[in-house]
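Participant: So that we are looking at the same thing, I have put the structure below in C-alpha cells.
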Amino acid sequence: MNRIRAALAACAAALWLAAAASALAAEALPDGASLAEQIDHWMRVGYDAPDEAVAALSRLDADRLATTPALRRALLQARGVVQAQSGRDAEAARWADALQAHAVAHQDGQADAAANLVRALVAQTAGRLDLAAPLAQQAIDSLRSACTGLPDGTAAPAAAPAAQPDCDVRSAWQALQVLQIAASYKGVHVNATAMAQSARDVAAWAGDDWRLAVSTAELASLLARSDSQDAALPLLQQAQRLAARSADPWLLAKARSAEARMAHQRGDLDGARRLTEEAIALAQDARSPRLEASLLANLADMHAKQGRPADALRAAEQALPVVRRHNDRRVELTLTNNAGLAKIGLGRIAEGKQDLARVEQLTRGAGLLALQAIALREYDDALAAAGDLRGALELFHRERALNAQVMQHNREAALKQLQLRNDRERKQRDIELLARDNELKSAALANRELMLRVWAVAALVLVLSAAAVGLLYRRVRQTNRQLVANQAQLRVASERDPLTNLANRRHFLTVMQAQQARGGEAGFDGALLLVDIDHFKHVNDGHGHAAGDLVLCEVARRLNEAVRGDDLVVRWGGEEFLVLALKVPAAQAELMAARILAVIGEEPVMVQGVPVRVTVSIGYARFPLPPNVLPIAWEQAINLADMALYTAKNQGRNRAVGIVAAQAPAAPELQRIEADFDRAWHEGRVMLSVAPGPVALA
C-alpha cells in the first residue's frame, strides 16, 4: 500500500511540475521582444523548468538568430546557467567550455566572465559557496574592462558602472548575487549588504525593474537582519511598488518574503508566519516550486520557534523533494537542518542527530562556519529540551569554538572595511594635495613670464608662493599626524568589543601572554569567573535584537560595578563574559561571584519602558586548586571554569558554582576530571560551592 501511495504521489508531482512548466513556457513575451530579451526570459523560466528552457534556447540557436558575437555569447551563457542552476554539472561544464572557446576566438573578456559565472552557479547549487565566491569574483574582474565601477567583492559598495553600451549588466548583476549569497551564508553580513547594494545599483543603472525589485527586496532583508529597520522599510516599500507595477507573482512573493523577515526580526512571529504563507501562495501562482521550497524552509523555521515541530517537519518534507530534484544542496541544507530540529522536538532524537550530521557535512565542506555554529546552537537547545544533556553539552562546546572563529571573521571584515575607507579618504586627500601642488606650479610658470616684465611684482609673487608652499608643507605634516592617530585608534578598537566597550578576546590573550612571560613555569595564579546571561535567546526572540543589545550593554555596566578596579572584564562571546582577577584570595573570588549575582539579578533591565528580569549563571575557581596546588596553564583554567558554568546552568541557572578543591596530585588526574567533570563531582574528586542568585520579587 505504501508503495502504491508513493507511486501515486510521484505521478501527481510529475503532472503538477509538467503543468507548471507549461504555464511558465506560455508566459507572453512583450511584442517585438529582441533576441536578448527572449534569451533572458528563457533563462529565468529555466530556474523551475530547465527542460522547456533548454528546448526553447536550442530552437533559437537552430534559427541562427544570434548574428553577433555578443548575442552568441548570451545564448551560450543562458544554456549554461539553466543547466548549472538545475544541478546538471556535466552539461553546465560543457557550455562553460564553449564560452571559454568563444572568449579565445573573439578575444571577448566578457565570454570568459560568463564561463566563470556558469561555474560559480554550479558550485552554488552544489552548496560549495567557498568555490562559488572566487569564481564569481573572477567573473567580475573580467567584466571590469567593459563595466567600470564594479566592486572587488570585499570593499564597500562602489558607484554604479559607467554607461558603457558593451557592458554585460545581467552577468555583473548575477555575479554580485553569488557573492552576496556566499557572504550571507558565511555570516559576514557587512560584505553581504555591500554586494546587495552594488547589485541594486547595477540594476538601477541598467533600468532593469525586475532585477531592481529582487535586489531591493534582498537588501531590505539584510538591513533588517542587522537591526536597521529604519533603513530597510523604505527599500521594502520600493520593492513592493516595483512588484505591484509588474503584477509578477514571483516578484510579489519575494517582496512579501522580505516583509516577513522584517516582522520576524521585530519578534512578531505570528505576523511573519502569516506573511510567509501569503508569499508561498504567490509562489504557487507564479508556478515556481523552487521559490515555494525556499519559502517553506522559512515557514518550517517559524513553526519550530513557535513550538510546532509537527508542522515544521511537514513543511520541510514538502519542500525537500523539490530541491533534491534540482540538486540544490544550498536550500537542502536549510531544509535538512529544520527537519532535524523538528524530529528532535517530536522525540525522534536519533533521526534528528542523523540530520545534524548531514548539515555539518554540507556546512563543513563549504566552509560555512557561521551556519554550522547556528545549527549547533539550535540543536544544543533542542537536545537540552528533549533531556539529552550529555549530547547538548558536547554541542555547546563545539558551538562556542565555532562562534569564536565567526566573530573573528566578522571583526576582520569590519576592520578591513574601515581600513579601506581610511585608504580611500587618504587617497582623496593626496589627490587634493596634488591638485593644489599643480596649481602652484602653474602659478609659478605664470610668474616667470610676469617676472620678465615687472621684477618687483615677480618678487612679491615669489614670496607669496613660498608662503603657500610652507602652508602646504604644514598641512601635509598635519595629515600625516592624523593618519598616525587613526592607526593608533584602530589598534585600540581591535582590542575592544564595539557594543559593550569591554575588552575582547584579543586583549585578554595579550594580557595572558604577558602574564605567562613573567610567570614562566609557575602556571596561572588568580581567579577566573565565566558569566553567562540566562535565557538570552528569549530576550532576542521576545523583544528583538535591539533589546538584546541593550541588555548586553547593561550587564556589562553592572559587571564593571561588581568587580575591583584592577580586575579585567572581557566580553567572551555572544552573551558570555569573563572576569580575570589576578592573585586574589579564594574567599574574595567567592564574594565576587555572589556580588555579581546580586548586582545583575536584583534589579530588572528597562527595555522600551518594560522591566525585563535578567539573571546570570557563573562558573568560577581560584587557581592553583587546593589541596595539591598543581600548576596549570590559563587555557586549562578557563576550561575548568567553563565546566563549573555548565553545571550551574544544568542545575537551573541563576546561581554561581565554584570549584573549591580538586584531588589532582598530577596532570593526568586533572585531565581525567576534565574529561568527565560531572562524574568527578559525584565521586568526590571535585568539591563545589553553590550559591543561588536573587529570587524574583512577587
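Participant: In whole Hz and in residue order, list the ³J(HN,Hα) couplings for segment 326-341 that follow from phi through the Karplus curve 6.51 cos²θ - 1.76 cosθ + 1.60, θ = phi - 60°; x for Gly and Pro.
Facilitator: So the Karplus estimates, Gly and Pro as x, are 9, 6, 8, 5, 5, 6, 4, 4, 5, 5, 5, 4, 5, 5, x, 4 Hz.
Participant: If I take all pairs of Cα atoms in segment 318-399, what percentage of them are more than 14 Å from each other?
Facilitator: Beyond 14 Å sits 60 percent of the P(r) for segment 318-399.
Participant: Roughly how many whole Å is it from the C-alpha centroid of segment 313-352 to that of segment 49-123?
Facilitator: With segment 313-352 and segment 49-123 each reduced to a Cα centre, they are spaced 33 Å.
Participant: Which percent of Cα pairs goes in each bin when the distances of segment 657-698 are cut into 10 angstrom slices starting at zero?
Facilitator: Result, from short to long distances: 27, 44, 15, 11, 3 percent.
Participant: Around Val612, which amide H atoms from residues at least 5 apart in sequence, or from another chain, sit under 5 Å from its own amide H, with H modelled in the peptide plane?
Facilitator: Correct list: Val605, Met606, Val607.
Participant: Long-range amide H contacts for Leu688: which residues qualify at under 5 Å (H placed 1.01 Å from N, peptide plane, sequence gap of 5 or more or a different chain)?
Facilitator: Long-range HN contacts for Leu688: Val660.
Participant: What base-10 log of the normalised intensity I(q)/I(0) is obtained for segment 59-125 from the Debye formula, alpha carbons as equal point scatterers, at q = 0.26, 0.29 Å⁻¹?
Facilitator: Debye curve over Cα of segment 59-125, log10 I(q)/I(0) at q = 0.26, 0.29 Å⁻¹: -1.05, -1.19.
Participant: Sticking with this structure for a sec: Projecting each Cα onto the charge dipole of segment 306-380 (Lys/Arg +1, Asp/Glu -1 at the beta carbon, about the Cα centre), which of Leu346, Leu356, Val331 comes out farthest on the positive side?
Facilitator: Val331
Participant: How many percent of the accessible area of segment 276-385 is carbon or sulfur, using a 1.4 Å probe? The partial results should precede the final answer.
Facilitator: On the way: 1980 of 4050 Å².
C and S atoms contribute 49 percent here.
Participant: Moving on to the next point. Taking 0.36 nm per intervening residue step and subtracting the Cα-Cα distance, what contour gain separates His682 from Arg245 on full extension?
Facilitator: Details: separation 437, 0.36 × 437 = 157.32 nm, distance 6.86 nm.
So the extension gain works out to 150.5 nm.
Participant: Show me the ranking of peptides 669-675, 38-44 by mean Cβ neighbours inside 10 Å, starting with the highest. Before the final figure, lay out the partial values.
Facilitator: Values: 669-675: 15.3, 38-44: 21.3.
Top to bottom by mean Cβ count within 10 Å: 38-44, 669-675.
Participant: Once you put a point 7 Å from the Cα of Gln229 and another 7 Å from the Cα of Ala467, both along the Cβ direction, what distance in nm separates them?
Facilitator: 5.8
Participant: Same structure, new question: Expressed as a whole percentage, what fraction of the accessible surface of segment 549-696 belongs to carbon and sulfur atoms when a 1.4 Å probe is rolled over the protein heavy atoms?
Facilitator: Ligands and nucleic acids excluded, carbon and sulfur reach 54 percent.
Participant: Continuing with this model, one more query. Ala656's amide H: which non-local residues (gap 5+, or another chain) put their own amide H closer than 5 Å, with H modeled 1.01 Å from N in plane and none for Pro or chain starts?
Facilitator: Ile618, Ala691, Gly693
Participant: Right, here's the next one. Note the full-extension length gain between Glu602 and Ala101 as 0.36 nm times their separation in residues minus their Cα-Cα distance, in nm to one decimal.
Facilitator: Gain on extension, Glu602 to Ala101, equals 173.2 nm.
Participant: How would you order 206-217, 224-235 from highest to lowest mean count of nearby Cβ atoms within 10 Å?
Facilitator: Ranking, from highest mean packing down: 206-217, 224-235.
Participant: Let's test this: bin the Cα-Cα distances of segment 308-363 at 10 Å from zero up to the farthest pair and state each bin's percent.
Facilitator: Spelled out bin by bin, segment 308-363 gives 28, 55, 17, 0 percent.
Participant: OK, next. When the Cα atoms of segment 162-282 are enclosed in a convex hull and the volume is divided per residue, what value in Å³ results?
Facilitator: Output value, Cα hull per residue: 101 Å³.
Participant: Restricting things to Cα coordinates, could you compute the convex hull volume per residue of segment 497-616 in Å³?
Facilitator: Considering the Cα atoms of segment 497-616, their hull volume per residue is 98 Å³.
Participant: Something else about it: Working only with C-alpha atoms, what are the Rg and Dmax values of segment 598-692, expressed in angstrom?
Facilitator: Cα radius of gyration and Dmax of segment 598-692 are 15.8, 54 Å respectively.
Participant: Here is a further query. Arrange the peptides 550-558, 376-384 so that the one whose residues have, on average, the most other Cβ atoms within 10 Å appears first.
Facilitator: Highest to lowest by the protection proxy: 376-384, 550-558.
Participant: What is the gain in length, in nm to one decimal, between Asn501 and Arg653 on full extension, counting 0.36 nm per residue of separation less the C-alpha to C-alpha distance? Write out the running numbers ahead of the final one.
Facilitator: On the way: separation 152, 0.36 × 152 = 54.72 nm, distance 2.61 nm.
So the chain would gain 52.1 nm between Asn501 and Arg653.
The values are calculated or read from the model by the stated rules, or taken from the named source; none is laboratory data. Keep in mind that this is a model prediction, so the values were computed, not measured. For neighbour counting, all protein chains shown are included, and Cβ atoms are generated from backbone atoms with ideal geometry for every residue, glycine included. What goes into the accessible areas is simple: the full protein's heavy atoms, side chains included, and nothing from ligands, DNA or RNA. Shrake-Rupley method; radii C 1.70, N 1.55, O 1.52, S 1.80 Å.
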